[in-house]
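Reviewing the structure listed below.
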Amino acid sequence: MTPMKNPERGSEEYKRLVQQEEMILEATELLYSLMEKTKITKADLARKLDRSKGFVTQVLDGSRNMTLRTLSDFGFALGYRVRIEAEPAGHRFILSRAPGEAASSLSSERR
């Protein structure tokens, strides 16, 4: 099936795409939060990952696809284990570093 370029607002396709973007945003917010907490810069993180600073920047700004492996590697390099939890539709996904600890203030919002 070919993805729709401009799905109608409120359609199932639109909701699915919004949910994807929310999850990507929450993952990158989590990583930025962990970087701030650990006082690790993009350059430091790149060295820990044996990657370029450009790669780290691309992952964090969304221009490069963030796989679950990449998310896990970033968390590991920052000294954290990233966990993924799900809630029924209508809630946002929660990415947390430990059971019960929300990734961001957005994690408990309901639409």
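Here, each number is a calculation from the coordinates, and none is a lab measurement. Not measured: the values here are computed from a predicted model. All Cβ positions, even for glycine, are placed from backbone atoms using ideal geometry, and neighbour counts span all protein chains on display.
The residues of segment 26-54 that are in contact (Cβ under 8 Å) with a residue 60 or more places away in the chain and either farther than 15 Å from Ala77 by Cβ or touching a Cys at 6+ places or on another chain (Cβ under 6 Å) (or both), listed by number, are Glu26, Glu29.
Does segment 30-41 contain any residue that is at negative phi, part of a loop (DSSP other than H, G, I, E, B) and under 19 Å from the mean Cα position of the chain (by Cα)?
Yes - at least one qualifying residue is present in segment 30-41.
Counting the residues of segment 67-81 that are surrounded by fewer than 18 Cβ atoms within 10 Å (Cβ to Cβ) and part of a loop (DSSP other than H, G, I, E, B) gives 3.
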